[in-house]
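Note sheet for the following structure.
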Amino acid sequence: MSGKVKLHYFNGRGRMETIRWLLAGAGVEFEEYFFETREELIKLQQSGVLLFQQVPLVEIDGMKMVQTRAILNYIAAKHNLYGKDLKERVLIDMYVEATMDLNDLIMRHPMQPPEGREKNLALIVDKATNRYFPAYEKVLKDHGQDYLVGNQFSRADVQVLETILMMEEMKPDILAKFPLLQGFKARISNIPTIKKFLQPGSQRKSKIEEKMVPQVMKIFYG
Amino acid sequence: MAGKPKLYYFDGRGKMESVRWLLAAAGVEFEEELLETREQYEKLLQDGALMFQQVPMVEIDGMKLVQTRAILNYLAATHNLYGRDLKERALIDMYVEGTTDLMQLILMFPFLSAEDKEKQHALIVQKATNRYFPAYEKVLRDHGQDYLVGNQFSWADIHLFEAILMVEEKKCDVLSEFPQLQMFKARISNMPRIKKFLEPGSQRKPIPDDKYVETVRRVLQMYYNVKASV
């Protein structure tokens, strides 16, 4: 008997947020254990449950899973959000890998020293506007369907929506030149499980406050 | 009609090397277009061949695949190197992500400043010895089988083998405290396709040198030094 899915992380987005999105999108309930201090993380590391002494850690189906992509792949496959065959899966993989590249830049942005932040923001906006969003816009344009892959809701839709929303937090009009992505955003946001996750009170985490960054860095790096 | 897969990358390891290993282990012959000039790269961009303007790119089964993990996942799945079910796949994914993180430290090495290189070298050895190798040693010790997952050769074995060889290039006796990994390495080395790939004249690429770094910088116009990862 599997029991509820349990997430172990700090109370913030980081690398766990995409997992929260995917679980929510799949309609899977989950519990969360937050660690607040470095000591708590160290305790977790010493307990031997972390294969590589790192979080995210997700307890699911009797496994203690680590490594974000392994966790996402498992959840997606289990909940039929990974395409119907290998060709759809490879498209999904291409699209989500790119969102994860962009998410990484977004995640690291608050860690930039203040003097580099403006330049870094410009770089991220440039990549979203000139590299990633045009690619997704073209995908939607070419097939004219509602979802990115196989005319069916998949993890690609969830992850691209997540990235769009995070980019909008950085630059509200980021989708100005992407009409199809605007339509996509509206459609996916209206899917009942996603809509629920977007409401206040859900387990979706807020963007980290700048003043919290040193504290979070201390938890992970001492 | 399939045709041989064609790899588009620089004449060096980088992110494409894991793809070469996987193809070799699966016994799949492949062609390579080696990027030497900015013009070649710009032509690929203009032709719309690179979905996110990046390489690696692999032409296979009528597709132009980008994003290393997408390529590797596809190749593993199509060649039965991805486990028999979701749980085996989950284990393979966890293990492969670990070796990816380890190899990433080595991958960025040639692009670091001289000062950062020394620190990075120490970091690679430390992480291999204290974080990654102990995990794989334990996996092998706990189940006592020849392969990491499901008593069957998989992508996880190929990837770990590649990682071991790369770390040994940094510190040749790095496996001294890992007897299971030593035996694992010997076993995998002896597999016919692996053995063949290890021989001179194969498509395996050598340790990156200055010429490789120069080529990458020139083709991508990437003239800054990569910062060592936290």
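Couple of notes before you dig in:
- Any hit, the stretch B:16-36, residues being open to solvent by 10 Å² or more (accessible area, probe 1.4 Å), among the polar types (S, T, N, Q) and closer than 16 Å to residue B:100 by Cα: yes
- Per this entry, residue A:51 is counted among residues that are over 30 Å from residue A:192 (Cα atoms) and either within 12 Å of another protein chain (Cβ to nearest Cβ) or of a type in the set (Asp, Glu) (or both).
- Within the stretch A:187-215, the only residue that satisfies the criterion of being more than 18 Å from the chain's Cα centre (by Cα) and open to solvent by less than 60 Å² (accessible area, probe 1.4 Å) is A:213.
- Only one of B:57, B:63, B:1, B:51 that is at pLDDT below 95 and over 22 Å from residue A:68 (Cα atoms): B:1
- Qualifying position, being within 20 Å of residue B:174 (Cα to Cα), open to solvent by 30 Å² or more (accessible area, probe 1.4 Å), without any contact (Cβ under 8 Å) to a residue 60 or more places away in the chain and outside the structural domain of residue B:214 (by the TED database), among B:122, B:114: B:122
- The listed residues are A:85, A:61, and the only one of them that is of a type in the set (Asp, Glu) and at the interface with chain B (Cβ under 9 Å from one of its Cβ atoms) turns out to be A:61.
- Look at the stretch A:2-27: where a residue is outside the structural domain of residue A:96 (by the TED database) and a partner is among the small types (Gly, Ala, Ser) and surrounded by 17 or more Cβ atoms within 10 Å (Cβ to Cβ), sitting 6+ places away or on another chain with Cβ atoms under 7 Å, you get A:22/A:76.
- Meets criteria (of a type in the set (Gly, Ala, Ser), modelled with pLDDT of 95 or more and closer than 29 Å to residue A:61 by Cβ) for residue B:156: yes
- Meeting the requirement of 1 or more residues that are closer than 26 Å to residue A:69 by Cβ and within 14 Å of chain B (Cβ to nearest Cβ), the helices (runs of 4 or more DSSP H) wholly within the stretch A:101-199 are A:114-127, A:133-143, A:155-170.
- Residues that are closer than 19 Å to residue B:88 by Cβ and buried (at least 22 other Cβ atoms within 10 Å of the Cβ) within the stretch A:42-59 comprise A:51, A:58, listed in sequence order.
- For residue B:199: the one exception among (1) open to solvent by 40 Å² or more (accessible area, probe 1.4 Å); (2) in contact (Cβ under 8 Å) with a residue 60 or more places away in the chain: (2)
- Of all residues making up the stretch B:36-59, the number that are among the hydrophobic types (A, V, I, L, M, F, W, C) and in contact with a Leu (Cβ under 8 Å, 6 or more places away or on another chain): 5
- Set A:173, A:146: member being free of Cβ contacts under 8 Å to residues at least 24 places away in the same chain and either under 30 Å from residue A:52 (Cα atoms) or open to solvent by 60 Å² or more (accessible area, probe 1.4 Å) (or both): A:173
- Exclusive hit being in contact (Cβ under 8 Å) with a residue 40 or more places away in the chain, assigned by the TED database to the domain that holds residue B:18 and surrounded by 22 or more Cβ atoms within 10 Å (Cβ to Cβ), set B:148, B:72: B:72
The values are calculated or read from the model by the stated rules, or taken from the named source; none is laboratory data. Computed from a predicted model, the values in this text were never measured in an experiment. We place every Cβ from the backbone using ideal geometry, glycine too, and count neighbours over all the protein chains shown. All accessible areas refer to the heavy atoms of the entire protein, side chains included, with ligands and DNA or RNA removed. Shrake-Rupley method; radii C 1.70, N 1.55, O 1.52, S 1.80 Å.
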